[in-house]
Amino acid sequence: MSILAVGLSHRSAEMTTLERAAVPAGELPKLLHQLQQAPHISEAMAISTCNRIEVYAVVETFHGGLNDVSEILAAQAGMESGDLNDSLYVHYAGAAVEHMFSVASGLDSMVVGETQILGQVRTSYADAREAGTVGRTLHELVQTTLRVGKRVHTETGLDRLGASVVSQALAEVPDITGKHALIVGAGSMGALTASQLRKAGIGEITVVNRTASNAHRLAESLVAQGVSARAVPMDELSTALSAADVAIACTGAHAPVLLREHVLPRTKPLVICDLGLPHDVDKSVTELDGIALVDLETVRRRMDEVAAGTGGTSSAKQTAKANGIVLDEVREYLAGQRSAEVTPTVTALRRRAAEVVDAELLRLDHRLPELDGSVREEVGRTVRRVVDKLLHAPTVRVKQLAAETDDTDYANALRELFCLDPQAPAVVASPSATAKEEK
């Protein structure tokens, strides 16, 4: 079993393709179950954000797993598998681990260093766990990934290079100090938007959300931070828009929620930031006079221009340090996985040795029934010490060798040398037995 990562992002696909392939929150459980039920997949989780859709799967074979994931993603996008392939990137085994660590560290984000992706990885894992599509392999990988992401930000300060997609979108908006903002959507992106607006000195915020309680919760949080804020029902969207100077839409809905009729009539200019994937704003809105649209494509162009025009020494050093941490963590993770793979066989070998010792001591009892009990116990301890000492060096060394290289199947070599049952490791390698063996 190996890790397979298949996805598309702002780096590999046009925004129109990303929009088609996006997975609304309500459809995520269905997608996860489709993945897990595929012939070559045993575990799966999916990350769907404003600029990436990725599947991480534990697969039996590379080609079989790739075909399964590609077909399911294509169906999600309403496309033929072959038509989506040009937009996909694929990582396998160690490369998949490296990609996941890089994503969680913000190194693969549209805004390098943004920290929101770490929370999105955590949420994606929680969704997959609730759906029952996560097993031991993905659990251990994600827990390591979250730790690596935190380490990168703590040790490099990479998150200070750019706050988020939200901050970059708002950077396209003329001075908003003292202005009135409307936030459409009260999820994590809405909360991040509210935080950025507060830091920018916004005068007033109105929150609109399909679930009224979530809108009220966000508005109350803003009021507690000293911001004039209120929540209004979704059916009052038109009225709220008429009073706003800037509107930020980030709902995660499957279809546009801000339509032409919501904007008309309009008596003053309005800047709309559409951060939804798929789009939250109907394209016809941009045809209206006095309406300026900032969307994810705008942010991508902005970041490309920044990257082309800076070459900043500070950011380059931070990014290089972050990449170094990721590579070190990948090596350590893979070494740990290789060592863990041989542990059940080592446990089986020790179990076999113990069985042989017990059988020989029982034979001794039959041959010398008159042997003194204390002598018999001492003989038993001596034999077990001899066996333990003989096995100690090779079993420790085989774990070290397995961790250092994957060129040799040391587990299979042990099974062949000592005639161990190929199924024995799976039988005896309970968590308690493995933990005891590793001490």
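The values are calculated or read from the model by the stated rules, or taken from the named source; none is laboratory data. No experiment lies behind these values; they were computed from the predicted model shown. Reconstructed Cβ throughout: ideal geometry from the backbone, glycine too, with neighbour counts over all protein chains shown.
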- Message: Looking only at region 237-275, how many residues end up being surrounded by fewer than 19 Cβ atoms within 10 Å (Cβ to Cβ) and not small (G, A, S)?
- Response: 11
- Six or more apart or on different chains, Cβ under 7 Å: which pairs go from a residue in region 178-194 that's farther than 15 Å from R230 by Cβ and touching a residue at least 24 places away in the same chain (Cβ under 8 Å) to one that's among the acidic types (D, E) and surrounded by fewer than 22 Cβ atoms within 10 Å (Cβ to Cβ)? Could you list them? K179/D245
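A quick yes/no check of all residues on (1) over 15 Å from L349 (Cβ atoms); (2) at pLDDT 85 or above; (3) not in a loop (DSSP other than H, G, I, E, B):
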position: P369; (1), (2), (3): yes, yes, no
position: R376; (1), (2), (3): yes, yes, yes
position: V379; (1), (2), (3): yes, yes, yes
position: R385; (1), (2), (3): yes, yes, yes
position: L390; (1), (2), (3): no, yes, yes
position: P394; (1), (2), (3): no, no, yes
position: A402; (1), (2), (3): no, no, yes
position: D406; (1), (2), (3): yes, no, no
position: A413; (1), (2), (3): no, no, yes
- Across (1) in the same structural domain as M15 (by TED's automatic domain parsing); (2) assigned to a loop (DSSP other than H, G, I, E, B); (3) of a type in the set (G, A, S), A186 clears everything bar (1)
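Table: residues versus (1) assigned by TED's automatic domain parsing to the domain that holds L32; (2) in contact with a strand residue (DSSP E or B) (Cβ under 8 Å, 6 or more places away or on another chain); (3) under 15 Å from Q116 (Cα atoms); (4) not in a strand (DSSP E or B).
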site: T137; (1), (2), (3), (4): yes, yes, no, yes
site: V142; (1), (2), (3), (4): yes, yes, no, yes
site: T145; (1), (2), (3), (4): yes, no, yes, yes
site: G149; (1), (2), (3), (4): yes, no, yes, yes
site: T154; (1), (2), (3), (4): yes, no, yes, yes
site: P174; (1), (2), (3), (4): no, yes, no, yes
site: T177; (1), (2), (3), (4): no, no, no, yes
site: A181; (1), (2), (3), (4): no, yes, no, no
- Is there a residue being surrounded by fewer than 15 Cβ atoms within 10 Å (Cβ to Cβ) and assigned to a helix (DSSP H, G or I) anywhere in region 208-220? yes
- Residue count, region 174-207, condition surrounded by 24 or more Cβ atoms within 10 Å (Cβ to Cβ) and among the hydroxyl-bearing types (S, T, Y), comes to 2
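Which residue out of T298, T251, T286 is outside any helix (DSSP H, G or I) and of a type outside the set (K, R)? Give the steps one after another, and end with the answer.
Details: T298 fails: outside any helix (DSSP H, G or I); T286 fails: outside any helix (DSSP H, G or I).
On inspection, the qualifying residue turns out to be T251.
Regarding region 160-173, can at least one residue be identified that is over 20 Å from L275 (Cβ atoms), surrounded by 19 or more Cβ atoms within 10 Å (Cβ to Cβ) and touching an Asp or Glu at 6+ places or on another chain (Cβ under 8 Å)? Reasoning before the result, please.
Residues of region 160-173 that are over 20 Å from L275 (Cβ atoms), as a first pass: 160.
Right, trim to surrounded by 19 or more Cβ atoms within 10 Å (Cβ to Cβ) and you get none.
Among the residues of region 160-173, not one is over 20 Å from L275 (Cβ atoms), surrounded by 19 or more Cβ atoms within 10 Å (Cβ to Cβ) and touching an Asp or Glu at 6+ places or on another chain (Cβ under 8 Å), which makes the answer no.
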- Please tell me if E329 is out of contact with any Cys (no Cβ under 8 Å at 6 or more places or on another chain) and either without any contact (Cβ under 8 Å) to a residue 40 or more places away in the chain or assigned by TED's automatic domain parsing to the domain that holds A403 (or both). no
- Given the structure, is A224 small (G, A, S), surrounded by fewer than 17 Cβ atoms within 10 Å (Cβ to Cβ) and within 26 Å of I53 (Cβ to Cβ)? no
- Note on the structure: Of the residues in region 189-207, those that are part of a loop (DSSP other than H, G, I, E, B) and either touching a strand residue (DSSP E or B) at 6+ places or on another chain (Cβ under 8 Å) or not assigned by TED's automatic domain parsing to the domain that holds P278 (or both) come to I202, G203
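Residues are listed down the side, and each one gets a yes or a no for (1) more than 16 Å from I183 (Cβ to Cβ); (2) modelled with pLDDT of 90 or more:
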{"position": "E236", "(1), (2)": "no, yes"}
{"position": "V246", "(1), (2)": "no, yes"}
{"position": "C250", "(1), (2)": "no, yes"}
{"position": "L277", "(1), (2)": "yes, no"}
{"position": "V285", "(1), (2)": "yes, yes"}
{"position": "I291", "(1), (2)": "yes, yes"}
{"position": "G311", "(1), (2)": "yes, no"}
- Checklist (1) in contact (Cβ under 8 Å) with a residue 60 or more places away in the chain; (2) within 10 Å of the chain's Cα centre (by Cα) applied to V111, failing item: (2)
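S124 - would you say it is of a type in the set (S, T, Y) and farther than 22 Å from G26 by Cα?
Details: of a type in the set (S, T, Y): yes; farther than 22 Å from G26 by Cα: no.
For S124, the condition - of a type in the set (S, T, Y) and farther than 22 Å from G26 by Cα - is not met.
Let me confirm something: among L18, L4, L32, which residue is within 29 Å of C250 (Cβ to Cβ) and within 16 Å of the chain's Cα centre (by Cα)?
Values: L18 fails: within 16 Å of the chain's Cα centre (by Cα); L4 fails: within 29 Å of C250 (Cβ to Cβ).
Criteria check complete, one pass: L32.
Kindly evaluate V97 against the criterion of being touching a residue at least 60 places away in the same chain (Cβ under 8 Å), not acidic (D, E) and not in a loop (DSSP other than H, G, I, E, B).
Working: touching a residue at least 60 places away in the same chain (Cβ under 8 Å): yes; not acidic (D, E): yes; not in a loop (DSSP other than H, G, I, E, B): yes.
Taking the combined requirement at face value, the residue satisfies it.
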